[in-house]
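Read the structure below first, then the notes.
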Amino acid sequence: MFDLEAYLRRIDYDGPRTPTLEVLRALHARHTQAITFENLNALMGWPVPIDVDAVQDKIVRGGRGGWCFEQNLLFSQALRAFGFTVTDLAARVLWGLDEEAVTRRSHMVLRVMVDGEPFIADVGFGGQTLTGPIRLLFDVAQSTPHEDFRFVRTHGDEYKLQALIGGEWRSLYRFDLQPQFPVDYEVISHFLATHPASQFRTTLRVARALPGLRHGLLNNQLATHHVEGGTEKRTLTSVAEVRGVLTDVFGLTLPPGPDLDRAIARVCDFP
């Protein structure tokens with residue numbers, strides 16, 4: 001059973017509980033600030049269950065973060081508890097790929113209705129995740145607390161989400177409005193967590209959006225991108241330094257045991 005009160009404490013939200021656009025924006029911002037994107041379980045070879053109870057144990061009560069299936073599952077549960085009408089969708093990731101690439105449906109996205117108008121909410125796309133909901137309209141630049149985003153039409157009734165980065169529109173993913181079911185996400189989440197070639201098995205990927213900036217960690221490369229411009233980069237040189245960044249910068253409670261240290265050493269090529 002979803003524990004709304006525990007979730008709201010986790011994201012430090014104590015505002016109104018009505019299904020309005022103002023509330024949706026506030027919840028979206030609080031979630032992305034409080035809950036870090038991370039793939040530690042997959043990196044360590046641990047399971048990544050995506051049922052409500054398991055996700056709450058890990059993220060809400062355990063102080064961890066998670067990837068899209070976990071984060072957007074939690075967010076959708078909270079939105080429904082507030083009275084929003086939510087439809088779970090699936091997207092094909094284009095980030096870093098050719099615009100016409102055909103990829104699997106490997107990302108969870110939410111359509112949220114507010115006063116009869118559709119919005120897209122997504123708190124789980126890592127270093128470029130939305131930090132506020134945006135209207136489901138074509139060819140209109142829309143602001144969020146961080147970058148501007150827009151939807152452009154692709155094939156048929158598909159939408160392509162793009163972000164304005166460094167003066168250039170870059171594609172994140174494309175999707176249609178076909179509703180998805182939990183089993184649809186379970187299959188692809190299991191694949192991403194277990195396939196030897198999955199980027200989540202071979203690369204440490206951590207991201208957090210805070211007011212005015214984004215932190216990102218790719219293996220031992222830490223970057224801080226400022227909304228007003230400028231990026232600070234730092235190379236981490238030891239397992240202990242990576243662990244310190246995971247707790248101090250990304251606010252994570254780290255899993256017990258030696259598996260995390262071994263995984264960090266492996267992907268960062270530390271002795």
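The values are calculated or read from the model by the stated rules, or taken from the named source; none is laboratory data. Everything quoted here is computed from the prediction, not taken from an experiment. Neighbour counts are summed over all protein chains in view; Cβ atoms, including those assigned to glycine, are modelled from backbone coordinates with ideal geometry. Please note that ligands, DNA and RNA were not included when accessible areas were found on the heavy atoms of the full protein model with its side chains. Shrake-Rupley method; radii C 1.70, N 1.55, O 1.52, S 1.80 Å.
When the solvent-accessible surface of protein heavy atoms is calculated with a 1.4 angstrom probe, in what order do H146, H226 fall, highest first? Please list the in-between numbers first.
Numbers: H146 25, H226 65 Å².
Sorted by accessible area, descending: H226, H146.
Under the rule of at least 5 residues apart or a separate chain, name every residue whose amide H is placed under 5 Å from the amide H of L213.
Under 5 Å from the amide H of L213: V227.
In whole Å and largest first, what semi-axes does the C-alpha gyration tensor of region 57-158 yield when each eigenvalue is scaled by 5 and square-rooted?
So the three semi-axes of region 57-158 are 23, 18, 13 Å.
Relative to the compact-globule scaling 2.2 N^0.38 Å, provide the ratio for the alpha-carbon radius of gyration of region 7-108. Walk me through the numbers on the way to the answer.
Values: Rg = 14.9 Å, N = 102, 2.2 N^0.38 = 12.8 Å.
Relative to the rule-of-thumb radius for its length, region 7-108 sits at 1.17.
Just check region 139-239 against the gyration tensor rule for me: Cα atoms, a ≥ b ≥ c as the square roots of the eigenvalues, rounded for a/c under 1.5, and otherwise prolate or oblate depending on whether a/b exceeds b/c. Write out the running numbers ahead of the final one.
Details: a/c = 2.52, a/b = 1.10, b/c = 2.29.
Because a/c hits 1.5 or more and a/b fails to exceed b/c, region 139-239 counts as oblate.
Please build a GNM for the chain, connecting alpha carbons under 10 Å apart, and tell me which residue among K233, K160, K58 fluctuates the most.
Maximum among the listed residues: K233.
When all alpha-carbon pairs of the chain are counted, what percent fall beyond 33 Å?
The calculated P(r) of the chain puts 16 percent of pairs beyond 33 Å.
Can you compute the FRET efficiency between R135 and L177 using 1/(1 + (r/R0)^6), with r the Cβ-Cβ distance and R0 = 22 Å? Round to the nearest 0.05. Mind dumping the intermediate values first?
On the way: r = 14 Å, r/R0 = 0.64.
Computed FRET efficiency for R135 and L177: 0.95.
Compute from the Cα atoms of region 74-228 the Rg and the Dmax, the latter being the longest Cα-Cα distance, and quote both in angstrom.
In Å, with Rg to one decimal and Dmax whole: 15.6, 45.
Please give the charge dipole size of the chain, origin at the Cα centre, charges +1 on K and R Cβ atoms and -1 on D and E Cβ atoms. Round to the nearest 20 debye.
Charge dipole, the chain, about its Cα centre: 360 debye, nearest 20.
For region 190-257, what value does the Rg/Rh ratio take when both radii are computed over Cα atoms and Rh is the Kirkwood radius, given to two decimals? Each step should come with its number before you reach the end.
Working: Rg = 13.5 Å, Rh = 13.3 Å.
The Rg/Rh ratio comes out at 1.02.
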